[in-house]
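Down below is the structure, laid out as structure tokens.
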Amino acid sequence: SLSAIELFLKKPKGAWLVLLTTSLTLSILSGAFQMTFYVYAFTIIWILYRVWNHNLRARYLMVFGLAITTSWFLSAIHLIPSIEAYYHSTRISTDIKYIIDDYLLPLSQMVTLIAPDYYGNPATYNHFGHGFYHERLIWLGIVPLLLLLTQVMRKKTTAPHQRFFQLAFLGTLSLVLSLPTTWFLLYTLKLPLLSTMTPSRMMMLVTFVAAILSAYGIEEYWKGFPKKILIWITGSIGLALIVAAAIPLLIHYRDETNFTYMISLRNLVIPAASSITALLILWVTRIKSTLRNTGYMLLVTLLLGNSFLFAHKYLY
């Protein structure tokens with residue numbers, strides 16, 4: 001959808017509007033309405049962002065609005081019965097506080113950015129966290145996480161629309177965390193649709209935006225990251241690993257009958273080794289640019305290796 005918008009802004013052609021309309025229509029017909037809701041919301045925000053200061057703002061808003069409306073008509077045979085079913089469902093009348101309690105993620109869940117199995121894994125029958133494992137995960141992969149961190153806190157942007165995606169990442173991530181603002185938006189206001197959805201599935205957008213920022217990061221990798229940014233990332237990851245290892249030990253020290261600390265510590269080993277390896281690659285290739293091709297291949301290998309291990313374990 002975003003590609004179609006960009007292509008149309010670059011060279012207005014009907015084919016790009018057809019692509020936009022088709023992608024949005026297929027999203028509705030896919031049957032996962034919560035994901036479709038996020039796709040539409042992000043697409044509309046992107047349209048407003050891209051054309052707001054354009055000379056032909058009114059024209060582009062009208063054209064893109066027509067494409068969006070057309071997608072509703074094309075999928076009406078599915079959309080109208082779905083809306084009717086929604087208004088007859090119990091979701092409107094049921095208090096969903098218990099869902100938000102379980103699936104708005106506490107800040108402690110941020111540890112899964114580094115170690116997805118910190119609270120165990122259902123595949124090995126040792127998951128001791130609340131709710132469903134897959135609904136409470138914020139894992140992106142070690143390599144994407146490091147590349148993301150090189151971009152998300154930059155004061156000076158180096159790529160097109162980087163500031164937009166920085167704000168989008170922080171905004172969407174905040175909507176999956178149990179913060180007072182998120183509770184107010186999702187529970188207190190009781191907005192239609194939004195207040196009846198499982199909030200952690202906003203990770204779809206978090207992951208999407210993180211992928212874009214990671215792509216910016218890999219572009220900058222070839223130029224060499226600034227020393228200050230690498231120092232900041234190394235310190236942050238190092239501190240996070242130390243705290244993640246210390247807390248289970250402290251819990252066990254206070255309650256010797258609690259043996260979940262062994263699960264957390266064991267599942268920190270591979271993420272810690274991967275983090276140290278990736279950071280070493282970033283530091284070495286910054287100092288010696290002739291090794292960047294080799295470093296890139298090692299980063300890709302590490303990324304695929306981590307993804308394979310995660311998938312092989314979880315998709316039991």
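Helices from the chain with mean Kyte-Doolittle at least -1.0 and a Cα length along the axis of 20 Å or more, per DSSP H: which?
Values: long enough: 14-29 (22 Å, 1.77); 33-51 (27 Å, 1.24); 57-74 (26 Å, 0.97); 203-221 (26 Å, 1.34); 227-254 (40 Å, 1.44); 269-287 (27 Å, 1.75); 292-314 (33 Å, 0.53).
Those that pass (Cα extent of 20 Å or more, hydropathy at least -1.0) are 14-29, 33-51, 57-74, 203-221, 227-254, 269-287, 292-314.
Here the translational diffusion coefficient of the range 100-253 follows from Stokes-Einstein with Rh set to the Kirkwood radius across Cα pairs; for 25 °C and 0.890 mPa s it amounts to 145 µm²/s. Positive contributions from Lys and Arg (+1) and negative ones from Asp and Glu (-1), summed over other residues with Cβ under 11 Å from the Cβ of Glu220, come out at +2.
Would you list Phe208, Phe64, Phe37 from the most to the least accessible area, probe 1.4 Å?
Of Phe208, Phe64, Phe37, the descending order of accessible area is Phe208, Phe37, Phe64.
Simple point charges give the picture: +1 on the Cβ of Lys and Arg, -1 on the Cβ of Asp and Glu, and for the range 220-316 a dipole about the Cα centre of about 480 debye. Per residue, the range 75-115 exposes 61 Å² of solvent-accessible protein surface, assessed with a 1.4 angstrom probe and all protein chains in place. Its Cα centre serving as origin, the range 124-215 has a Cβ charge dipole (Lys and Arg +1, Asp and Glu -1) of approximately 300 debye.
Semi-axes of the chain's equivalent ellipsoid from the Cα gyration tensor, sqrt of 5 times each eigenvalue, largest first, rounded to whole Å?
Equivalent ellipsoid semi-axes, largest first: 36, 29, 17 Å.
Taking the accessible area of the range 1-150, probe 1.4 Å, and keeping the other protein chains in place, the carbon and sulfur fraction comes to 67%. What the range 194-316 shows is 58 Å² of accessible area per residue, with the surface traced by a 1.4 Å probe over protein heavy atoms.
Please give the net charge around His127, taking every other residue with its beta carbon less than 11 angstrom from that of His127, where Lys and Arg add +1 and Asp and Glu add -1. Write down the numbers at each step before the final one.
Working: positive: Arg136; negative: Asp117.
In short, 0.
How much FRET efficiency would the formula 1/(1 + (r/R0)^6) give for Met35 and Thr277, where r is the Cβ-Cβ distance and R0 is 35 Å, rounded to 0.05? Computed FRET efficiency for Met35 and Thr277: 0.55. The GNM of the chain, with springs linking C-alpha atoms under 10 angstrom apart, assigns the highest mean-square fluctuation among Gly224, Gly65, Gly129 to Gly65. Amide H contacts for His127 (H built 1.01 Å from N in the peptide plane; partners 5 or more residues away or on another chain; cut-off under 5 Å): Asn121.
Taking the centroid of alpha carbons for each part, the range 247-283 and the range 22-63 are 42 Å apart. FRET efficiency for the pair Thr181 and Thr290, taken as 1/(1 + (r/R0)^6) with r the Cβ-Cβ distance and R0 = 41 Å, rounds to 0.30. Counting only protein chain heavy atoms and rolling a 1.4 Å probe, the accessible areas of Lys223, Lys13, Lys288, Lys155 rank, largest first, as Lys155, Lys223, Lys288, Lys13. Backbone amide hydrogens, once placed in the peptide plane, bring Leu177 within less than 5 Å of Leu105, excluding anything fewer than 5 places away on its chain. My understanding is that a pair violates if its Cα-Cα distance is over 27 Å; which of Lys156/Lys288; Lys11/Lys223; Lys156/Lys223; Lys11/Lys156 do that in this structure? Over 27 Å Cα-Cα: Lys11/Lys223; Lys11/Lys156. A helix-only calculation puts the chain at -21000 deg cm²/dmol for mean residue ellipticity at 222 nm, using -39500 (n - 2.57) for each DSSP H run of at least four residues, averaged over all residues. With unit charges on the beta carbons (Lys and Arg positive, Asp and Glu negative) and the dipole taken about the Cα centre of the chain, which residue among Ile5, Phe169, Leu302 sits farthest to the positive side? In the chain, that residue is Ile5. Think of each Lys and Arg Cβ as +1 and each Asp and Glu Cβ as -1; about the Cα centre, that makes the dipole of the range 1-150 roughly 820 debye.
The values are calculated or read from the model by the stated rules, or taken from the named source; none is laboratory data. Just so it is clear, the model here is predicted, and its values are computed rather than measured. All Cβ positions, glycine included, derive from the backbone under ideal geometry; neighbour counts span all protein chains shown. With ligands, DNA and RNA removed, areas are computed over all heavy atoms of the protein, side chains included. Shrake-Rupley method; radii C 1.70, N 1.55, O 1.52, S 1.80 Å.
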